[in-house]
Structures are given as structure tokens and as C-alpha cells.
1. Pick out the one residue from THR42, THR94, THR67 that is modelled with pLDDT of 90 or more, closer than 21 Å to GLU256 by Cα and within 17 Å of the chain's Cα centre (by Cα).
2. Where the second residue is surrounded by fewer than 17 Cβ atoms within 10 Å (Cβ to Cβ) and the first is in a loop (DSSP other than H, G, I, E, B) and lies in the range 93-118, which pairs have Cβ atoms under 7 Å and are six or more apart or on separate chains?
3. Quick check on the range 256-273: of everything there that is under 20 Å from PHE215 (Cβ atoms) and without any contact (Cβ under 8 Å) to a residue 40 or more places away in the chain, which residue is surrounded by the most Cβ atoms within 10 Å (Cβ to Cβ)?
4. Just for the range 237-255: of the residues that are in a strand (DSSP E or B) and without any contact (Cβ under 8 Å) to a residue 24 or more places away in the chain, which one is farthest from ARG164 (Cα to Cα)?
5. Just for the range 19-35: of the residues that are in a loop (DSSP other than H, G, I, E, B) and within 9 Å of the chain's Cα centre (by Cα), which one is nearest to LEU167 (Cα to Cα)?
6. Has the range 150-166 got any residue that is modelled with pLDDT under 90 and in contact with a helix residue (DSSP H, G or I) (Cβ under 8 Å, 6 or more places away or on another chain)?
7. For the range 36-74, which positions are within 17 Å of GLY198 (Cβ to Cβ) and either in contact with a Lys or Arg (Cβ under 8 Å, 6 or more places away or on another chain) or not in a loop (DSSP other than H, G, I, E, B) (or both)?
8. Hey, LEU234 hits all of (1) surrounded by 13 or more Cβ atoms within 10 Å (Cβ to Cβ); (2) outside any strand (DSSP E or B); (3) modelled with pLDDT of 95 or more but one; which does it fall short on?
Amino acid sequence: MKRIATVIGMLVFSFFANAQQELQVSQYMFNGLFLNPAYAGTHPYWSGTALHRQQWLGFSGRPWSTTVAVDGPIKDKNMGLGFMIINDNIGLTTNNDISAAYSYRIRVTDGSELALGIRAGIRNTMFNVSKLENIPDAGDPLYNANESVWVPKFDFGAYWYGDRGYLGVSVPNLLAIDSRKSDNSDAGLRRHFFLNGGYVWDVNKSGSVKFKPSFLVKYEPSAPVSFDLNAHFLFNDRVWLGTSYRYNSAVVLMAEYQITEKLRAGFAFDATTSAIRQYQNGTLEFMLGYDFTQKLVKIKHPRYF
């Protein structure tokens with residue numbers, strides 16, 4: 001009976017944890033491809049970002065994830081491509097996503113463009129009861145209930161941007177197909193809606209200090225609306241320092257440093273504000289980015305977002 005209760009507890013944890021079906025990271029404002037496929041190719045050079053997140057430190061079965069994203073423009077055309085790989089682990093469940101994004105840019109004014117993008121990918125979800133620690137009877141079939149499911153999925157996004165500001169809307173899981181179901185239903189992946197934007201102001205006349213407020217609104221029909229409010233300062237176009245407030249969830253401190261003209265590194269710490277804070281020690285996130293570009297292009301097109 002005790003071991004059954006243990007399994008049930010882990011199943012319940014995995015169920016509620018997966019209610020947040022889309023990958024959650026804190027440093028999304030430094031690479032919009034995490035949220036929106038239309039972001040692909042909006043800089044005049046190719047760029048790659050790797051991010052690792054350890055959530056709820058000290059909590060057994062805590063979520064952790066690793067993401068790698070690469071995007072850039074197609075030469076001499078108003079199009080962009082992006083690629084992403086996600087490994088997301090939570091409780092007894094592991095999600096592996098691989099996807100490709102395509103965007104098309106339309107000039108709106110002399111200083112701004114509108115990009116429309118789609119993303120096609122596939123998700124493999126593995127549910128493995130054998131991950132449980134201290135199994136009293138490894139031969140019990142109850143502890144060998146594993147499942148692996150492959151689900152094709154499609155996202156859509158629109159992204160307006162200029163030299164200093166941006167506004168984007170995206171719909172992850174616009175379509176997800178489960179071949180196990182005769183009606184090709186949505187495979188249990190619920191459609192999400194994201195709205196985000198931001199703007200960069202000069203704080204002083206020299207422009208050596210800049211201020212970038214930004215926001216993210218998240219909506220899923222079966223859950224309450226959630227939002228992030230972010231405030232960042234940029235010093236000498238090299239050091240970002242900032243904070244975020246995630247509604248009913250966390251306060252985040254973060255920093256990014258431009259190590260060279262091409263290489264940058266970021267760090268974030270989430271201090272949980274929800275009830276689970278008494279059982280864990282916060283969340284750590286590390287990011288490394290590399291821009292495949294010449295110095296002149298970077299100066300002409302600084303990476304503010």
C-alpha cells in the first residue's frame with residue numbers, strides 16, 4: 001500500500017507540473033525565438049543560444065531543462081530560419097522537442113518591420129515510473145509502467161520590431177496531432193497565447209546607460225491569465241542588469257555580460273513567491289549566446305532584444 005501511495009504521489013506531481021506545458025525560462029527577453037517563431041532572422045546575422053534551467057533546487061523530482069536555439073536570415077531575402085531543441089524534465093515525465101521555424105518579414109516603415117512566422121516540430125513525451133528512487137520491489141509491474149508518445153505540433157507568431165521597440169504575439173500548439181486518436185485530436189497539448197513587448201530608452205545623453213522595460217502576458221483557456229513584468233538596464237552596451245516579477249510565482253534577478261563582440265553569457269535566479277517556496281531553494285538559470293557576425297554589423301544593429 002505504501003509503494004502504491006508513493007507512485008500515486010509522483011503521478012499527481014507530474015500531472016500538475018505539466019499543466020505548464022510550454023517551456024518556462026526567465027531569460028526569454030534575450031532571445032525571442034523561445035516564445036515566437038516569427039523572431040527567426042530578425043537580426044542581420046546568425047545567432048545561437050544555449051540555456052540550462054534548474055528549477056526548485058532541493059525539491060525531489062524538480063523540473064530541469066536544456067534548450068538550444070539557432071536562427072538567422074536567408075541571404076538577400078526577407079526570410080528567416082530558426083531551429084530549436086528542448087529537453088524538459090519534470091517528475092516522471094521527459095519531453096523532447098525538435099522544431100524548425102520559418103519567418104517572412106514585411107517592411108512597415110523605414111525603421112520597422114513586421115515578421116510572420118510558423119514553427120513545425122515533433123514532441124516525444126516519455127513517462128517512466130522506474131525513475132522512482134528506493135523502489136522496494138523492482139519486479140512489481142507497477143514500477144515498470146513506461147510510455148513514449150510522439151506528437152507533431154505547429155506554432156504561429158507575428159512580431160513587429162524597430163530599432164528600439166518590439167511587440168509580438170504567438171500561439172504555441174496551434175495544432176498538435178495524436179495519431180493514436182481516430183479524430184486526430186489535440187493530443188492533450190493545449191493551445192497557449194503569448195503577448196510580449198518592450199522598448200529601450202536612453203537614460204543619459206551619452207547613451208551609455210539604457211533602460212528597457214518589457215512584459216509578457218500568458219493565456220491558456222483552462223487557466224487564469226498570467227503575466228511577467230521586466231525591467232533591465234544596459235551599461236555601455238555590454239552589461240545588462242535587471243529584475244522580473246512573475247505573477248503569483250517568482251521574483252527574478254538576472255544579468256547578462258557581453259564577453260566579446262560575439263560571445264555573451266547570462267545568469268538568472270528565481271526566488272519563488274508561491275506556496276512551494278518553503279520546500280525548495282529557488283531556481284538557477286544559465287545562458288550562453290554566440291553571434292556569427294562581424295563587429296561592424298553588431299555596431300550598426302545592437303542586440304537590445
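The values are calculated or read from the model by the stated rules, or taken from the named source; none is laboratory data. Please read all numbers here as calculations on a predicted model, not as lab measurements. So basically every Cβ, Gly included, is an ideal-geometry build from the backbone, and we count neighbours across all protein chains shown.
1. Numbers: THR42 fails: within 17 Å of the chain's Cα centre (by Cα); THR94 fails: closer than 21 Å to GLU256 by Cα.
Exactly one residue qualifies, and that residue is THR67.
2. GLY111/GLY162; GLY111/ASP163
3. Restricting attention to the range 256-273, the residues satisfying the condition of being under 20 Å from PHE215 (Cβ atoms) are 256, 266, 268, 270-271, 273.
With without any contact (Cβ under 8 Å) to a residue 40 or more places away in the chain added as a condition, the list becomes 271, 273.
On the way: ALA271: 12, THR273: 14.
Out of the qualifying residues, it is THR273.
4. Start the filter on the range 237-255 by keeping residues that are in a strand (DSSP E or B), which leaves 239-246, 250-255.
Those left that are additionally without any contact (Cβ under 8 Å) to a residue 24 or more places away in the chain: 239, 241, 243, 245, 251, 253, 255.
Details: VAL239: 17, LEU241: 18, THR243: 19, TYR245: 22, VAL251: 25, LEU253: 23, ALA255: 20 Å.
Taking the candidates together, the pick is VAL251.
5. Step by step, filter the range 19-35, then rank; the result is LEU35.
6. Taking the range 150-166 first, the residues modelled with pLDDT under 90 are none.
No: the range 150-166 contains no residue that is modelled with pLDDT under 90 and in contact with a helix residue (DSSP H, G or I) (Cβ under 8 Å, 6 or more places away or on another chain).
7. Residues of the range 36-74 that are within 17 Å of GLY198 (Cβ to Cβ), as a first pass: 36, 38-39, 42-43.
Passing the criteria: ALA38, TYR39, THR42, HIS43.
8. Evaluating LEU234 over (1) surrounded by 13 or more Cβ atoms within 10 Å (Cβ to Cβ); (2) outside any strand (DSSP E or B); (3) modelled with pLDDT of 95 or more leaves (2) as the failure.
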